[in-house]
Amino acid sequence: MDQTTIIALAYLVAAVLFILGLKGLTHPRTAVRGNLLGALGMLVAVLATLIHHDVVGYTLIIVGLVIGGLIGAVVAVKIEMTAMPELVALFNGFGGGASVFVAGAELTRPGPYEVMASARLGAPLLDASIIAAFLAGVIGAVTFWGSLLAFCKLREFQKFRKPWVFPGMQALNIGLAVLCAALLAAALMSPAPVMMFWSLVVVASVLGWFLVNPIGGADMPVVIALLNSYSGLAACATGFVLSNSVLIIAGSLVGASGLILTNIMCKAMNRSLGNVLFGVLAPSEADATADEVYGGRVKATSAEEVAMLFDNARRAVIVPGYGMAVAQAQHAVRDLGDLLEARGIEVEYAIHPVAGRMPGHMNVLLAEAEVPYEKLQEMDAVNPSFAQTDVVLVIGANDVVNPVARDPRSAIGGMPILDVDKARTVVVVKRSLSPGFAGIPNPLFAADNCLMFFADGKKAMLDLIAALKEA
Amino acid sequence: MTANSLILLAAEAGQGAADQPEALPLLAALTIFVLAIFVGFEIITKIPPTLHTPLMSGSNAISGITLVGALLAAGHENQTAVAVLGTLAVILATINVVGGFLVTNRMLEMFRRKRPHE
């Protein structure tokens, strides 16, 4: 068997391992093994590539692997679970950036179209690989800069708190996109496409920055999922440049995954992708002002009063939101859940798909606090049970429990919500009456069966635990 | 048709093209691309929401497969510009791969472990 065949077969093995790895993620029990299979696939692909006859020196490879490996390992071990959204954003960006450099290197090679006989699936196709290289450049650069900006927003760096919006931004974005297309057209006719490529990367970098710039807050899950998809598609385009099967397969798996997550997030907000990316979420005419909604009807409560609510309770549901992540309250929440269960109360956790800043954000935090995943209920599963729930504890969530969403005229009209207002009593733990990301008041807070527990999420949990133990 | 048989089919299409250099490689690549997208949709839609964050970081690590292309470029040491670009790509892709798989493993271990005091 010649070297070419060995490499091709190794890539096939790697692709199968990636698929089996993702399949493992369909259940928490098999997920760890799935992830290991994916890593094994990567190892196989890398080792096979190292025996390729194109690789004439190993110095730079070793330097790159050591630097990248060290940075990656240190970050992965040190990072806090609450920082997971920005970490995923950052890693997304690095994947996109790598694709840009690979496509650039490929265009820079002498006679780039006759290389890599083994990885190629057949004879080279000149124009297609230039188009693919430019696609890799555009998608990769947008992914890199978009992700970097998303990282800065999620880290809440002071400079990035408020999106920088100016009139004509959409027109500018369209102009940049047209410029990208023009550069590609020029490159197809040019004998030296390399300069065009790097110009394109610069334009696409600006575009990536501007595309993510106006988006923030609760829309971040969509952005991260979309950038996740882009990083896969960039790898996929690079695969077309190199005619490399394993890049195409792995890239499209990731591309599909990101698109599915994007779609799920959009559905959970009842908004189209275009609306999330380019639209502005503002209170509509039908949305009442804070004074109209709250005026004198909001009841504040204390830890002692909430503790008494649990005296006769049989079933309690905890609804976590982004506020729980900010307050790092997940361990305290778990302790409270344990305490309630020890008193014979059935405790479940209701997770809205867009709670937090990335898909599955709440689940990871609660898993960190060692809440068994069987207790985490999805929206559709838990909603019918609220009518039989004695106490609902909402911690740092707002828009996802706002009953206004049932009114189609509202800005968030049609967004599926957790029907917490159907429970006998709702306790909302929140620092103030300030609105959520949608900027509209929440009539739940003024409802007859709702008590407001004004406090930081973690402190509220600790006080509540203390009150329960005293009683 | 299961995910695995789909992908084997895709791979066979690719192998066939390699045996016959005159065949259109782009078509083979496109075949693989489209079939892999279908496989992706089939599998990913079955992943429960509770694992969506690990899915993102894990699939992200997989997208670091660009590392393969990066290694080929970085190993091309007789041409400095290519090798430098390749090395930059190797660094970025390796951060993505190593960091991605490690952090995913960390998260998934949390989903698996049982509390000792129960």
Residue check, B:Val90 among the β-branched types (Val, Ile, Thr), over 25 Å from A:Pro359 (Cβ atoms) and either buried (at least 20 other Cβ atoms within 10 Å of the Cβ) or in contact with a Pro (Cβ under 7 Å, 6 or more places away or on another chain) (or both): yes
Identify, by number, the condition in (1) among the hydroxyl-bearing types (Ser, Thr, Tyr); (2) without any contact (Cβ under 8 Å) to a residue 60 or more places away in the chain; (3) over 17 Å from B:Thr50 (Cα atoms) that A:Ser410 doesn't meet. (2)
Subset of region A:15-58 (residues that are more than 27 Å from B:His52 (Cα to Cα), at the interface with chain B (Cβ under 7 Å from one of its Cβ atoms) and in a helix (DSSP H, G or I)): A:Thr49, A:Leu50
Which residue pairs have Cβ atoms under 6 Å apart, sit 6 or more places apart or on different chains, and have a first residue in region A:297-312 that is of a type in the set (Gly, Ala, Ser) and a second that is crowded, with 17+ Cβ neighbours inside 10 Å and not in a helix (DSSP H, G or I)? A:Ala300/A:Met452
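Between A:Ser257, A:Ser252, A:Ser243, which is in contact with a Lys or Arg (Cβ under 6 Å, 6 or more places away or on another chain), over 24 Å from A:Asn398 (Cβ atoms) and not assigned by TED's automatic domain parsing to the domain that holds A:Val354? Let's see the steps before the verdict.
Numbers: A:Ser257 fails: in contact with a Lys or Arg (Cβ under 6 Å, 6 or more places away or on another chain); A:Ser252 fails: in contact with a Lys or Arg (Cβ under 6 Å, 6 or more places away or on another chain).
When all the criteria are applied, what remains is A:Ser243.
Counting only residues that are among the hydrophobic types (A, V, I, L, M, F, W, C) and surrounded by fewer than 14 Cβ atoms within 10 Å (Cβ to Cβ), which one in region A:283-307 is nearest to A:Leu468 (Cα to Cα)?
A:Ala300
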Of everything in region A:298-329, what is within 26 Å of A:Ala381 (Cβ to Cβ) and assigned to a loop (DSSP other than H, G, I, E, B)? Give them in sequence order. A:Phe310, A:Asn312, A:Ala313, A:Arg314, A:Gly321, A:Ala329
Tell me the residue from B:Thr2, B:Thr80, B:Thr53 that is under 19 Å from A:Thr108 (Cα atoms), at pLDDT below 95 and of a type outside the set (A, V, I, L, M, F, W, C), please. B:Thr80
Kindly state which helices (runs of 4 or more DSSP H) lie completely within region B:47-118 and contain at least 3 residues that are more than 7 Å from every other protein chain (Cβ to nearest Cβ), within 14 Å of the chain's Cα centre (by Cα) and in contact (Cβ under 8 Å) with a residue 24 or more places away in the chain. none
Tell me, which residue of region A:149-176 that is surrounded by 16 or more Cβ atoms within 10 Å (Cβ to Cβ) and at pLDDT 90 or above is nearest to A:Leu227 (Cα to Cα)? A:Ala150
Considering only residues that are touching a residue at least 60 places away in the same chain (Cβ under 8 Å) and among the hydrophobic types (A, V, I, L, M, F, W, C), which ones fall in region A:207-221? A:Leu207, A:Trp209, A:Leu211, A:Val212, A:Ile215, A:Ala218, A:Met220
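Criterion first (out of contact with any Leu (no Cβ under 6 Å at 6 or more places or on another chain) and under 25 Å from B:Ile44 (Cα atoms)) does A:Ile249 satisfy it?
Values: out of contact with any Leu (no Cβ under 6 Å at 6 or more places or on another chain): yes; under 25 Å from B:Ile44 (Cα atoms): yes.
It is true that A:Ile249 is out of contact with any Leu (no Cβ under 6 Å at 6 or more places or on another chain) and under 25 Å from B:Ile44 (Cα atoms).
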Restricting to region A:14-49, give me the number of residues that are surrounded by fewer than 15 Cβ atoms within 10 Å (Cβ to Cβ) and over 30 Å from A:Val364 (Cα atoms). 1
Region A:210-266, residues that are touching a Gly at 6+ places or on another chain (Cβ under 8 Å) and not in a helix (DSSP H, G or I): A:Ser243, A:Asn244
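The values are calculated or read from the model by the stated rules, or taken from the named source; none is laboratory data. Quick caveat: nothing in here was measured; it's all calculated off a predicted structure. Note that we place each Cβ from the backbone using ideal geometry, even for glycine, and neighbour counts take in every protein chain shown.
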